[in-house]
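Beneath this line is the structure, given in structure tokens, with notes to follow.
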Amino acid sequence: MQPAEWISFIAQFAYLNRRQRQAGITLLRGNAPHDATVALLESVAQPRLACPACHAHQLHRHGHAHGLQRYRCVPCGRTFNALTGTPLSRLRHKAL
């Protein structure tokens, strides 16, 4: 970011309301609510994790997608995450 762009960016903070400023500060500190939400969702789902296709419990970690841990089923080879098959699976703003 160029210095002139930075000055313009910082000047815009004066127009934010209190809630928007707090959200910006939280984001800059790295304490994004998304991270806490994802951690909570995965910790709850971890004990009962099974393949949604074949219901097997033989799983391997298979990377991350959209902040969620992906898993690969050993018997059938399908990939999924902790939210697959739940009402939250296609929710775009999980932190909310």
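Summary of computed values
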item: Looking only at the range 54-77, and only at residues there that are open to solvent by less than 50 Å² (accessible area, probe 1.4 Å) and under 27 Å from THR37 (Cβ atoms), the one that is modelled with the lowest pLDDT; result: GLY67
item: Filtered residue count, the range 15-51, keeping only those that are open to solvent by 100 Å² or more (accessible area, probe 1.4 Å) and assigned to a loop (DSSP other than H, G, I, E, B); result: 1
item: Subset of the range 52-75 (residues that are part of a strand (DSSP E or B), without any contact (Cβ under 8 Å) to a residue 12 or more places away in the chain and either more than 21 Å from the chain's Cα centre (by Cα) or within 22 Å of LEU91 (Cβ to Cβ) (or both)); result: GLY63, HIS64, ARG70
item: Residue list for the range 78-95, filter: over 13 Å from the mean Cα position of the chain (by Cα) and open to solvent by 40 Å² or more (accessible area, probe 1.4 Å); result: ARG78, THR79, THR84, GLY85, PRO87
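The values are calculated or read from the model by the stated rules, or taken from the named source; none is laboratory data. Because the structure is a prediction, the values reported are computed rather than measured. Note: ideal-geometry Cβ built from the backbone for every residue, glycine included; neighbour counts use all protein chains shown. Note: accessible area is taken over every heavy atom of the protein model, side chains too, but ligands, DNA and RNA are not part of it. Shrake-Rupley method; radii C 1.70, N 1.55, O 1.52, S 1.80 Å.
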